[in-house]
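K.L.:
Starting off with a structure, shown below.
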Amino acid sequence: QAKFRDQVVQAIDYARAVGCTKIHVMAGIWPAGAAEEDLNKVFIENLRHAGKETAKVGIDILIEPLSRPATPNYFLCKSKQAIRIMDEARVPNLYLQYDAFHMQVMEGNLAPTIERLLPRIGHIQIADAPNRNEPGTGEINFPFLIAHIDRVGYKGWIGAEYKPAGETKAGLGWYAPYRAATKLQLS
């Protein structure tokens, strides 16, 4: 926990230097033999500390459930678990970082889950499942999902966090239908 507190100071310094308003707080790997209740306690204490320090400078903190196949033994792996932890921590500037890839692998039901959790979501990330490649290379219906995210009123950025299936520039082709709706130009 002492190391975590030092890293919070460093993360705040970095975020302020680049004008970032959100910091992702990692839950970490579940150590062999550790009790879940002990991990919950430490994670919540860390979130409370990070929330208090970041609130002083107008920064939100995010927690992200990661899929067990992609990140074996990661402590936080489901949206329901994240919401329970958020409720227990009671940190006003704590939000869910919802990653469509990880949640498709662990839970499915992306559209209704995003809609239900929308007030708790601070950031959305996308990659296709099952291989974590660009949208359109797997099982997620991204034209539907992105339209749904827009329809339910999400106002934040959608981050694309994936491993290109081939050449990076060619892999950006999935974005073409959305280009007209944004001012972002990829080159």
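The values are calculated or read from the model by the stated rules, or taken from the named source; none is laboratory data. Since we're looking at a predicted model, the values are computed, not measured. Virtual Cβ from ideal backbone geometry, glycine too; neighbours counted across all protein chains shown. Just the protein is used for accessible areas: all its heavy atoms, side chains included, with ligands, DNA and RNA removed. Shrake-Rupley method; radii C 1.70, N 1.55, O 1.52, S 1.80 Å.
K.L.:
Which residue is farthest from Tyr74 (Cα to Cα), if the candidates are limited to region 125-157 and must be under 16 Å from the mean Cα position of the chain (by Cα) and surrounded by fewer than 16 Cβ atoms within 10 Å (Cβ to Cβ)?
P.N.:
Taking the candidates together, the pick is Lys155.
K.L.:
For region 5-23, which residues satisfy the criterion of being open to solvent by less than 70 Å² (accessible area, probe 1.4 Å) and aliphatic (A, V, I, L, M)?
P.N.:
Going through region 5-23, the residues open to solvent by less than 70 Å² (accessible area, probe 1.4 Å) turn out to be 8, 11-12, 15, 19-20, 23.
The answer is Val8, Ala11, Ile12, Ala15, Ile23.
K.L.:
Next question, about the same structure. Is it true that Arg5 is without any contact (Cβ under 8 Å) to a residue 60 or more places away in the chain, under 24 Å from Gln125 (Cα atoms) and over 19 Å from the mean Cα position of the chain (by Cα)? Lay out the reasoning, then the answer.
P.N.:
Working: without any contact (Cβ under 8 Å) to a residue 60 or more places away in the chain: yes; under 24 Å from Gln125 (Cα atoms): no; over 19 Å from the mean Cα position of the chain (by Cα): yes.
The answer is no for Arg5.
K.L.:
Here is a further query. Of everything in region 49-87 that's over 27 Å from Ala127 (Cβ atoms) and out of contact with any Leu (no Cβ under 9 Å at 6 or more places or on another chain), which residue is least open to solvent (accessible area, probe 1.4 Å)? Step through it out loud before you land on a result.
P.N.:
In the first step, residues of region 49-87 are kept if they are over 27 Å from Ala127 (Cβ atoms); the result is 49, 51-53, 55-58, 87.
From what is left, the residues that are out of contact with any Leu (no Cβ under 9 Å at 6 or more places or on another chain) are 49, 52-53, 55-58, 87.
Values: His49: 33, Lys52: 129, Glu53: 51, Ala55: 58, Lys56: 136, Val57: 53, Gly58: 55, Asp87: 83 Å².
Across region 49-87, the extreme among qualifying residues is His49.
K.L.:
Between a first residue in region 14-31 that is in contact (Cβ under 8 Å) with a residue 60 or more places away in the chain and a second residue that is of a type in the set (D, E, K, R) and assigned to a loop (DSSP other than H, G, I, E, B), which pairs have beta carbons less than 7 Å apart while being 6 or more apart in sequence or on different chains?
P.N.:
His24/Glu64
K.L.:
Working only within region 1-53, note down all residues that are under 19 Å from Leu96 (Cβ atoms) and not in a helix (DSSP H, G or I).
P.N.:
Matches in region 1-53: Cys20, Thr21, Lys22, Ile23, His24, Val25, Met26, Ala27, Gly28.
K.L.:
Quick check, is Gly122 open to solvent by less than 50 Å² (accessible area, probe 1.4 Å), in contact (Cβ under 8 Å) with a residue 24 or more places away in the chain and within 23 Å of Arg68 (Cα to Cα)? Walk me through it before giving the result.
P.N.:
Working: open to solvent by less than 50 Å² (accessible area, probe 1.4 Å): yes; in contact (Cβ under 8 Å) with a residue 24 or more places away in the chain: yes; within 23 Å of Arg68 (Cα to Cα): yes.
Yes.
K.L.:
Have a look at Gly33, Gly28 and point out the one that is loosely packed, with under 12 Cβ neighbours inside 10 Å, of a type outside the set (Phe, Trp, Tyr) and at positive phi.
P.N.:
Details: Gly28 fails: loosely packed, with under 12 Cβ neighbours inside 10 Å.
It is Gly33.
K.L.:
Further question: Can you confirm whether Ala100 is open to solvent by less than 40 Å² (accessible area, probe 1.4 Å), under 13 Å from the mean Cα position of the chain (by Cα) and of a type in the set (Gly, Ala, Ser)? Write out each step before concluding.
P.N.:
Numbers: open to solvent by less than 40 Å² (accessible area, probe 1.4 Å): yes; under 13 Å from the mean Cα position of the chain (by Cα): yes; of a type in the set (Gly, Ala, Ser): yes.
So Ala100 fits the description; yes.
K.L.:
Ok, one more. Residue pairs, Cβ under 8 Å, 6 or more apart or interchain, first in region 69-93 and in contact (Cβ under 8 Å) with a residue 60 or more places away in the chain, second open to solvent by less than 20 Å² (accessible area, probe 1.4 Å). List them.
P.N.:
Every condition considered, the pairs that remain are Ala70/Phe101; Ala70/His102.
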